[in-house]
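Structure incoming, see below.
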Amino acid sequence: MTCPQFHLGWFLGNSYGVHGWLDQWGGGTARNWSDPALHMDLARAIDRACFDFVLLEDSSFVPDNYGSSMDFYLKRASRAPKNDPLPLVPLMLQASKHVGIVPTISTSFYPPYLLARLMATLDLMSDGRVGCNFVTSTANRAAQNFGLNDHIEHHTRYEMADEFVEVVKQLWDSWEEDAIVADAAGQTFVDPCKVRPIEFEGKFFSSRGPLNTARPPQGHPVLVQAGGSPQGRAFASRHMDVVMAAVSTVEEMKSFRDDIRARVAANGRDPDKTKIVFQFVPIVAESDTQAQEILEARRAAKDPAEILAAMGSLFDIDFSVFDLDEPLSEMSTNGQQGTFKRFMSMGRTLREIANSFHFAVDDVAGTPDTVAGKMQEMMEEVGGDGFLIAGNLNRRYIAEITDGLVPALQKRGLVRTGFSNAQFRENLLEF
Ligand SMILES: Cc1cc2nc3c(=O)[nH]c(=O)nc-3n(C[C@H](O)[C@H](O)[C@H](O)COP(=O)(O)O)c2cc1C
């Protein structure tokens, strides 16, 4: 089978938070974690390397699941402190020419009118280079920061998300493409016939409209989402341009992609227009042996507490109260459902689970050419549509990927060497 050309995205986990303050290659992040220079350097580098987009993850709470306390998280700068990533967007846009910038917005807490206006503004500022990652948010603590006692039930959250996206799309459509005529002779800047209220009255949201800014250059900024549950997948397949998956094997990748494409088609949409990308954490080094040694060292250094604290904050579960080696009893969550199901299926005890759980394809290690070859094999098997690089952020890792791995992929003709279009969605749809 020949390999389709595929897309590259960068998943900036922990977004505008603290990156590698204890790492050998973390630079000065212990001192200057809120200096946006690192993020702008990332934008510059991935733009040069012809990535399609970077996704800025976000959350809005300080976890206190592990040990029923914030201590574990605060001491390790895990999810806090974390700045709002939205102000990074214009900075990253200015540092780049083509790459799409995708901030994250919670459909459970953000007012749809504000989101529609914010994304329209960013799209207008950048001539069509932004997208939005729609998340429903999973933590009770986040819900409590927005005035709820407990978070909204998982399925209801997706019902709301669906309606949220519907309102936002209608607001973007409330101005016709050619509404701005700027006709000096006729003293008319906007043609009033081309701007209309939407009068949206839903179960969760209502908005009169129209938007008080113009239609975004892309019509709708690129819509992005990652949901593993049936409700998440249904939501994705109704609206999204890009769907992201956190799975770790080729079988899981293939089955996820096949399922989303079938759902997209069932919704009367063209599956080739929804791009499915997979979280990928490659290790790239000077030789295959060296890369394998780094991989082994990482495996040996895995701390179950770190994994259980991180995952506990996604499921609202305090895993510290369970014996690591006792078989686990049935549990449920109102947090991330798809991930929880995968997590619990990894073993009988928490130690087994922590040792075998992977949030990404993260066992590929080698020289740039070895890793490029493995990526080619995976895409041949899965059918498309690309990878989301999700390693820990530092300037050395950025260079390994953009100046090591990407040229090896380009040499094989697997990824783009330039951009044919000015806008983010147009580039996504090029292949
Ligand atoms: C690549 C990727 C990026 C994500 N980014 C965020 C994020 O920024 N903020 C957030 O709250 N959840 C984020 N999530 C979680 C998803 O929005 C969703 O909650 C999760 O995949 C579980 O969905 P499910 O309950 O439908 O299975 C991300 C997930 C993936 C795989």
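The values are calculated or read from the model by the stated rules, or taken from the named source; none is laboratory data. Everything numeric here is computed off the predicted structure, so don't read it as measured data. Note: ideal-geometry Cβ built from the backbone for every residue, glycine included; neighbour counts use all protein chains shown. Ligands, DNA and RNA are excluded from the accessible area calculation, which covers all protein heavy atoms including side chains. Shrake-Rupley method; radii C 1.70, N 1.55, O 1.52, S 1.80 Å.
May I ask you to verify whether F256 is touching a residue at least 12 places away in the same chain (Cβ under 8 Å), assigned to a helix (DSSP H, G or I) and within 18 Å of the chain's Cα centre (by Cα)?
Criteria met by F256.
Among the numbered conditions (1) over 20 Å from the mean Cα position of the chain (by Cα); (2) within 16 Å of the ligand (Cβ to nearest atom); (3) in contact (Cβ under 8 Å) with a residue 12 or more places away in the chain, tell me where S332 comes up short.
(3)
Considering only segment 265-286, state which residues are within 26 Å of L12 (Cβ to Cβ) and either within 16 Å of the ligand (Cβ to nearest atom) or surrounded by 14 or more Cβ atoms within 10 Å (Cβ to Cβ) (or both).
The answer is T274, K275, I276, V277, F278, Q279, F280, V281, P282, I283, V284, A285.
Which of the residues belonging to segment 336-367 are without any contact (Cβ under 8 Å) to a residue 60 or more places away in the chain, open to solvent by 10 Å² or more (accessible area, probe 1.4 Å), within 16 Å of the ligand (Cβ to nearest atom) and not in a loop (DSSP other than H, G, I, E, B)?
F340, M344
Oh, and also: Taking E57 and the conditions (1) free of Cβ contacts under 8 Å to residues at least 12 places away in the same chain; (2) among the charged types (D, E, K, R); (3) buried (at least 19 other Cβ atoms within 10 Å of the Cβ), which numbered condition does it fall short on, given that it satisfies the others?
(1)
Considering every residue within segment 94-108, establish whether at least one is closer than 25 Å to N421 by Cβ, open to solvent by less than 20 Å² (accessible area, probe 1.4 Å) and in contact with a Gly (Cβ under 7 Å, 6 or more places away or on another chain).
yes
Can T370 be described as open to solvent by less than 20 Å² (accessible area, probe 1.4 Å), more than 21 Å from V247 (Cβ to Cβ) and either more than 16 Å from the ligand (Cβ to nearest atom) or not in a helix (DSSP H, G or I) (or both)?
no
Here are L211, L223: which of them is away from the ligand (no atom under 12 Å from the Cβ) and more than 19 Å from the chain's Cα centre (by Cα)?
After ruling out the rest, the residue left standing is L211.
Could you please let me know if L295 is at negative phi, open to solvent by less than 20 Å² (accessible area, probe 1.4 Å), hydrophobic (A, V, I, L, M, F, W, C) and not assigned by TED's automatic domain parsing to the domain that holds R117?
Here the answer is yes, as L295 does meet what is asked.
Moving on to the next point. Kindly provide the set of residues from segment 236-253 that are within 8 Å of the ligand (Cβ to nearest atom) and in contact (Cβ under 8 Å) with a residue 60 or more places away in the chain, ordered by number.
Selection gives M244, A246.
Quick check, is P230 surrounded by 15 or more Cβ atoms within 10 Å (Cβ to Cβ) and in the same structural domain as F51 (by TED's automatic domain parsing)?
Judged against the criteria, P230 is not a match.
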